[in-house]
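Right, one structure below, let's go through it.
The values are calculated or read from the model by the stated rules, or taken from the named source; none is laboratory data. Predicted model, so just to flag it, every value in this text is computed and none were measured. A quick note on method: Cβ atoms are made from the backbone with ideal geometry, for glycine too, and the neighbour counts reach across all protein chains shown.
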């Protein structure tokens, strides 16, 4: 399976749409095989650029390498090539080409399992859209193959003896598929009884409406014939080479995007989202999965109080189809790979993390995703320069609650008769009602479920927000703001689970740190050699000293671990506290073996330096999201948590 890194051009279809015909009903379709096909008029460039190509044949004979589809390696030239008798695909020499140009279907297509069809990343929507539509309308797809790095048979052999990229088949770009080859054999036809070869019926099970559907998706059908082919049954040819299982795209990447946009927008089964494109303009993006695609930037509109300049949010991802990350950013023009992340995830994970995100003047920010995934945003507080602000006062990390040791009914915890169904609510013991920043961990969850932290009368199933999402017994943790108030502070879990609460600091109206906001920046990535770190991967029990290069007494940092070698946790803080203590008593992030996970931490610094302890061997990434400063200007404005965005519900 190949990585899909450029899907923004494949499914993020952002053209302006005109009204179009809906997908035809299966009951209105004639399923007679089209044995004497006639080609429609060829599309003009204007038609192809508009995306509406349902009444024409898109067949521009341009070199893919010269029209934006990428320049492949010279086939068979140099080292790193492996020929399997049919294709060079998978050769080490093609690793870069396949990683950036070739996409694999993330979900089933026309009854074919996920991971079975490879096409060019910028034409993926066309081929998958075509196959899905004909399957829904009654044509059975027994199998289809796309990407195959080989030459054409007319160039001297599929193994490319010339070594010339111009001899490559369109399959080498992922710009062609072969479908149902067994019932649509490739043959050379000659004339019968003195007639033209174009009057000889071809062997096919493809009805005309299937071919018309392909043309509406911009695909040229090989059944019309190569080398000029047949316009209709009267075209004079002594022989014609017909390739009925073959469908290919002969336009530009921008035309592919426009055609996908037009079809998906006018497909009753498609789901469309409001996104922001790379130019910073509002646009529509559609697909059939209902899950935002890689490269999409979805705007989140908040209603902050006056003078709020940032939001403290709980960011959740769910239903990712492959590993990736989310980046929180302003909605201005930007493109390309992001250099920081607010949360990193693996395929199939549902995880959450706290994050600090600056807001535009209109209270908006954008969520960028590197892989298809749903995103959820719960606002837990704002940061502002006015109002009843609270300042962060770090404290020595202190464990407030650990139900594994205390049980569910002790003098420190709210006694109850056991779970209501499978739900539990635990009182967090505090010496006063001051708001706190804490790390909440859920351990041994009998999930799936979620946990909420807050005032005891403001959590539970009637309140739509979450702080930690968990699926099983794997430990999950997240930063939380707990404002006890008169009702006291509690943790609610949807399903039976142990909870651990570590206080990291208090929020007070008197002394403490304010906030300084800037663009997020990466301060550490142990996977690469940088001026801040250049050493082997951290081993179990490692203590990493990291100079953030700032004068501030503290910072808000996103901690990510990946390639973890065993279960463990990360603790961060002042080096004077962590150095020499052995195993820290509290944690900022919990992980399992082989896991990729992120959590936010508020770190007290020593002259701009912090320390990171990891219990098991793991790669560690640190992104600075904000600084904690002595100036009491921008402070925290706690609110009752509110759900502001859920891509599972906001699709149009």
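Condition check ((1) in a loop (DSSP other than H, G, I, E, B); (2) crowded, with 24+ Cβ neighbours inside 10 Å) across all residues:
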| site | (1), (2) |
| --- | --- |
| 464 | yes, no |
| 472 | yes, no |
| 504 | no, yes |
| 511 | yes, no |
| 516 | no, no |
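All conditions but one from (1) at positive phi; (2) without any contact (Cβ under 8 Å) to a residue 40 or more places away in the chain; (3) within 12 Å of the chain's Cα centre (by Cα) apply to residue 336; the one that does not is (3). Of the residues making up the range 437-457, those that are outside any strand (DSSP E or B), farther than 30 Å from residue 512 by Cβ and in contact with a strand residue (DSSP E or B) (Cβ under 8 Å, 6 or more places away or on another chain) are 444, 445, 447, 448. Annotation note: of 286, 272, the sole residue that is surrounded by fewer than 24 Cβ atoms within 10 Å (Cβ to Cβ), assigned to a strand (DSSP E or B), in contact with a helix residue (DSSP H, G or I) (Cβ under 9 Å, 6 or more places away or on another chain) and outside the structural domain of residue 65 (by TED's automatic domain parsing) is 272.
Scanning the range 53-63 for residues that are under 14 Å from residue 126 (Cβ atoms) and at pLDDT 95 or above yields 53, 58.
Taking the range 77-107 as the range and being surrounded by fewer than 15 Cβ atoms within 10 Å (Cβ to Cβ) and either over 20 Å from the mean Cα position of the chain (by Cα) or in a loop (DSSP other than H, G, I, E, B) (or both) as the test, the residues that pass are 77, 78, 79, 80, 82, 84, 85, 86, 90, 92, 95, 96.
In this structure, does residue 387 turn out to be surrounded by fewer than 16 Cβ atoms within 10 Å (Cβ to Cβ), in contact with a strand residue (DSSP E or B) (Cβ under 6 Å, 6 or more places away or on another chain) and outside any strand (DSSP E or B)? Yes.
Just one of 51, 115 is under 27 Å from the mean Cα position of the chain (by Cα), touching a residue at least 40 places away in the same chain (Cβ under 8 Å) and surrounded by fewer than 19 Cβ atoms within 10 Å (Cβ to Cβ); which is it? Exactly one of 51, 115 is under 27 Å from the mean Cα position of the chain (by Cα), touching a residue at least 40 places away in the same chain (Cβ under 8 Å) and surrounded by fewer than 19 Cβ atoms within 10 Å (Cβ to Cβ), namely 115.
Of all residues in the range 226-260, those satisfying the criterion of being more than 18 Å from residue 134 (Cα to Cα) and under 31 Å from the mean Cα position of the chain (by Cα) are 250, 251, 252, 253, 254, 255, 256, 257, 258. Taking the criterion of being on the phi < 0 side of the Ramachandran plot, outside any strand (DSSP E or B) and either buried (at least 23 other Cβ atoms within 10 Å of the Cβ) or without any contact (Cβ under 8 Å) to a residue 60 or more places away in the chain (or both), the residues of the range 597-652 that qualify are 605, 618, 647, 649. Residue count for the range 289-308 satisfying the condition of being modelled with pLDDT of 95 or more and assigned to a strand (DSSP E or B): 5. Among residues that are touching a strand residue (DSSP E or B) at 6+ places or on another chain (Cβ under 8 Å) and modelled with pLDDT under 90, residue 573 is included. Residues that are surrounded by fewer than 21 Cβ atoms within 10 Å (Cβ to Cβ), touching a helix residue (DSSP H, G or I) at 6+ places or on another chain (Cβ under 7 Å) and assigned to a loop (DSSP other than H, G, I, E, B) occur at least once in the range 583-592. Scan the range 203-235 for residues that are in a loop (DSSP other than H, G, I, E, B) and crowded, with 23+ Cβ neighbours inside 10 Å and the total you get is 5. Considering only the range 143-159, I want to know if a residue exists there that is surrounded by fewer than 21 Cβ atoms within 10 Å (Cβ to Cβ), part of a loop (DSSP other than H, G, I, E, B), at pLDDT 95 or above and in the same structural domain as residue 85 (by TED's automatic domain parsing). Yes: the range 143-159 contains one or more residues that are surrounded by fewer than 21 Cβ atoms within 10 Å (Cβ to Cβ), part of a loop (DSSP other than H, G, I, E, B), at pLDDT 95 or above and in the same structural domain as residue 85 (by TED's automatic domain parsing). Only residues that are farther than 16 Å from residue 624 by Cβ and part of a strand (DSSP E or B): list them for the range 518-544, please. 542, 543 - these are the residues of the range 518-544 that are farther than 16 Å from residue 624 by Cβ and part of a strand (DSSP E or B).
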